[in-house]
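A short write-up of the structure that comes next.
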Amino acid sequence: MSSSQITDYYEVLQVSPRADRETIERVFRHLANRYHPDNHDSGDANKFSELVEAHTVLSDPEQRATYDVNYERVREARWKLFDQKSTNSEIASDTRVRLGILSLLYVARRNNVLDPGVGLMELERVLSVPDSTIQFQVWYLRENHWIERLPTGMWAISAAGVDKLFELGGPGKEGPYLLHEGETPATGEPAGEKP
């Protein structure tokens, strides 16, 4: 597998990249029982195979260290949406986060229409925002029917969400700025001028 197509084993196992080995083992056992092909209620051979592969890599310290290096590099390059010099305005920030979530979910849906899910931890990592912000934005987007929760527990963009994203400017594009370069956040006036 090329590094540009790296599988997110943390998302597969639904654990944080900071999870210790004991947590990985516990979660793996739980999910493996659920998705084992012999389980007539929720068995899924493909999902089970993914889980085993993720567990094999993440439970071995050497393999995990190698994986983590590539994982971070690919994740940064693939999902880099924002520069870190954003305005302090909560409204502008919320708008950018919503656009970011919709863009990420659009890319996931566009790349794999049959399995378009993205987990909350991945959204939090990629957008570099706190869990509480992600929770609020996901609630808002879901209430507007722009995203939907999949049976796997992951989130995906809906058809209405695709329409909304393109109305806002499309995936990977920055939304409208509330401040222009050189304006101060408090007044909107050019920097250095008094109101």
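The values are calculated or read from the model by the stated rules, or taken from the named source; none is laboratory data. Note that the structure is a prediction, hence the values are computed from the model and not measured. A quick note on method: Cβ atoms are made from the backbone with ideal geometry, for glycine too, and the neighbour counts reach across all protein chains shown.
Report the residue count in region 134-158 for those that are of a type in the set (Ser, Thr, Tyr) and surrounded by 17 or more Cβ atoms within 10 Å (Cβ to Cβ). It would help to see each step written out before you state the result.
Step one: filter region 134-158 for residues of a type in the set (Ser, Thr, Tyr), giving 140, 152, 158.
From the residues that got through so far, the ones that are surrounded by 17 or more Cβ atoms within 10 Å (Cβ to Cβ) too are 158.
Qualifying residue count for the region: 1.
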If you take just the helices (runs of 4 or more DSSP H) that sit entirely in region 90-159, which of them hold at least 1 residues that are touching a Ser or Thr at 6+ places or on another chain (Cβ under 7 Å) and not acidic (Asp, Glu)? 90-111, 120-127
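Report yes if some residue within region 139-149 is modelled with pLDDT under 85, more than 24 Å from PHE28 (Cα to Cα) and of a type in the set (Lys, Arg); otherwise report no.
We begin by selecting, within region 139-149, every residue modelled with pLDDT under 85; these are none.
Looking for residues that are modelled with pLDDT under 85, more than 24 Å from PHE28 (Cα to Cα) and of a type in the set (Lys, Arg), one finds none in region 139-149, hence no.
A quick yes/no check of all residues on (1) of a type in the set (Val, Ile, Thr); (2) surrounded by fewer than 15 Cβ atoms within 10 Å (Cβ to Cβ); (3) without any contact (Cβ under 8 Å) to a residue 12 or more places away in the chain; (4) closer than 14 Å to THR7 by Cα:
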position	(1), (2), (3), (4)
ASP38	no, yes, yes, no
SER42	no, yes, yes, no
LYS47	no, no, no, yes
GLU50	no, no, no, yes
VAL57	yes, no, no, yes
ASP60	no, yes, yes, no
ARG64	no, no, yes, yes
ARG73	no, yes, no, yes
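Going by what's in this entry, would ASN88 be described as more than 14 Å from the chain's Cα centre (by Cα) and either at pLDDT 85 or above or buried (at least 16 other Cβ atoms within 10 Å of the Cβ) (or both)?
no
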